[in-house]
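Okay, so here's the structure we're looking at.
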Amino acid sequence: SGNLAAYTGSASTKAAITACVRETYAPFGVQIVTTNPGAVPHFEAMAAGLPVVSTTVSGIPEVVEDGVNGLLVPSEDPHALADAIWRIAKDPGLAESLRTNAAATIADHYDGDRLAAELAVRFTRSRA
């Protein structure tokens, strides 16, 4: 018992949502974000296994690691943006590496079930 919030949907509902996100992003070869909409588009694209090209605004570099799970460019630099997109288009090995690492980053660091369990442990310890 206690006052903890947790995902209470069924595993099949969670799987359906995950499949829907992957299906939505599947037709695209890369996610390009040049404004600061928050991290949600980055998380969704990365979870779907898309390489991300983004600007270095706000906290995005905390999620997108340049050359590892995406490519980062300075904001308001269209030439750098074009170069990053071109790099992914011309280098299938780079694109595949970014895809694999992007999906792994989300699975390893931002899995909702794991994060909720960790928070539950912390709250339980703080109440003891």
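Bear in mind that the values in this text are calculations on the coordinates, not laboratory data. For clarity, every value in this text was computed on a predicted model and none was experimentally measured. Cβ placement follows ideal geometry from the backbone for every residue including glycine, while neighbour counts extend to all protein chains displayed.
Simple spin-label model, 7 Å along Cα-to-Cβ: Leu115 to Glu76 in nm?
3.1 nm
If packing is taken as the mean number of other Cβ atoms within 10 Å per residue, what is the order of 75-87, 108-120, 92-104, highest first?
Highest-to-lowest ranking by the protection proxy: 92-104, 75-87, 108-120.
If amide H atoms are built 1.01 Å from N in the plane of the peptide, which residues on other chains or at least 5 residues away come under 5 Å of the amide H of Thr55?
Val33, Val73
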